[in-house]
Amino acid sequence: MALLSIPFTQQGAKINFQESFKQIMVPVAAMVLFLFAWELSASQIKTSLGLVPGPIEVSKQFSNLVTEHAEERDKAAAFYERQEKRNARKLAKNPDAKVKIRNYTGKPTFFDQILTSLVTVFSGFLIATIIAVPIGIISGLSQNFYTAINPIIQIFKPISPLAWLPIVTIIVSAVYVSSDPTFSKSFIISALTVTLCCMWPTLINTAVGVASVDKDLINVSKVLQLSSFTKVWKIVLPSAIPMIFTGLRLSIGIGWMVLIAAEMLAQNPGLGKFVWDEFQNGSSNSLGRIMVAVLAIGIIGFILDFLMLTLQRFISWDKTAVLR
């Protein structure tokens, strides 16, 4: 019997290897074909800034951006070193002298802009989640509450970020007045715009997930006389987690797209502003640098979705969720 199982084991291993090989090679082959088609078609299109950059030119511009980032970091290090030496000399002459530590105010690099955008989108997404999940849970548990707020959801859900941005800018400028603000006004504006646009998928999917919880489980909670909090924490949330995370994944994707548009329109720091500045610059390298930013936006969006999927698999009982 053991001897008979060997061929089947080897056959199973062979099938698994073929499946793994296919999962790797098919995307790789598709990517190679895409890059080849891109390089071939780009050389045929001429613009006011020159030929459309292909993969090779875009990789060169990425290398230039890495070099610029390193040079800017060297300048910042030299600035702080000079400042420390100057303050040390001042203290050596007078130990009671007051010294100031000034921040380096050089131009933000491409990677600085990426970090700014990531901090902003996570802030807006976190605010949206804190608002949307509780409201979604209440909506799923109470049909009357859902009926009451559904018109509000349907009205505000399709509003473009370009419409929200002027309103948010005006309100924040009027309310957020401080001589020494904790957060910059541009950060608040961008984060709130992201919040207003990305909270709806989470709210709706949470409500649907909670409403779909098995009624037998709800009845069990009534028989056990569980408190409302315990019922939600022990029964409702574990059952609704897959739908909640579907909403969260949609929200983080929408939030990332909204943020780039908001940064471009309002000229707030971030990747969107980098793209707009390069467009306005109009140099021979601008188109290639914009392409680098576009690819970065897409790759970061993919990574954000993958991180949410990984978190879902870690928290949820449903381990079959996949990237789509």
Point to revise | Failed item in (1) surrounded by 15 or more Cβ atoms within 10 Å (Cβ to Cβ); (2) in contact with an Asp or Glu (Cβ under 9 Å, 6 or more places away or on another chain), with Phe122 passing the rest | key: (2)
Exercise for review: May I ask you to say which residue of Gly288, Gly247, Gly301 is touching a helix residue (DSSP H, G or I) at 6+ places or on another chain (Cβ under 9 Å), within 30 Å of Leu141 (Cβ to Cβ), touching a residue at least 40 places away in the same chain (Cβ under 8 Å) and part of a helix (DSSP H, G or I)?
Suggested key: Gly247
Practice item. Answer yes if at least one residue in the stretch 182-204 is over 26 Å from Val236 (Cα atoms), of a type in the set (D, E, K, R) and assigned to a loop (DSSP other than H, G, I, E, B), and no otherwise. Key: no
Check your understanding: Counting only residues that are in contact (Cβ under 8 Å) with a residue 24 or more places away in the chain and surrounded by 10 or more Cβ atoms within 10 Å (Cβ to Cβ), how many does the stretch 74-118 have?
Key -> 16
Review point. Hey, among the residues in the stretch 270-284 that are touching a residue at least 40 places away in the same chain (Cβ under 8 Å) and in contact with a helix residue (DSSP H, G or I) (Cβ under 6 Å, 6 or more places away or on another chain), which one's nearest to Val119 (Cα to Cα)?
Key: Gly270
Exercise for review: Could you tell me which of the residues Val220, Val213, Val258 is touching a helix residue (DSSP H, G or I) at 6+ places or on another chain (Cβ under 8 Å), part of a helix (DSSP H, G or I), surrounded by 17 or more Cβ atoms within 10 Å (Cβ to Cβ) and in the same structural domain as Gly124 (by TED's automatic domain parsing)?
Suggested key: Val258
Check your understanding: Does Lys231 fit the bill of being at pLDDT below 90, among the basic types (Lys, Arg), farther than 19 Å from Ala132 by Cβ and surrounded by fewer than 16 Cβ atoms within 10 Å (Cβ to Cβ)?
Key -> no
Practice item. Output the residues belonging to the stretch 61-80 that are over 11 Å from Met291 (Cβ atoms) and under 26 Å from the mean Cα position of the chain (by Cα). Key: Ser63, Asn64, Leu65, Val66, Thr67, Glu68, His69, Ala70, Glu72, Arg73
Review point. So is Leu271 in contact with an Asp or Glu (Cβ under 8 Å, 6 or more places away or on another chain) and surrounded by 17 or more Cβ atoms within 10 Å (Cβ to Cβ) or not?
Key: yes
Revision key, fill the gap. If you go through Ile171, Ile189, Ile130, the only one that is farther than 30 Å from Pro242 by Cβ and either within 24 Å of the chain's Cα centre (by Cα) or not assigned by TED's automatic domain parsing to the domain that holds Ser228 (or both) is Ile189
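The values are calculated or read from the model by the stated rules, or taken from the named source; none is laboratory data. Predicted, not measured: the structure shown is a model, and the values here were computed from it. Note that each Cβ is placed from the backbone with ideal geometry, even for glycine, and that neighbours are counted across all protein chains shown.
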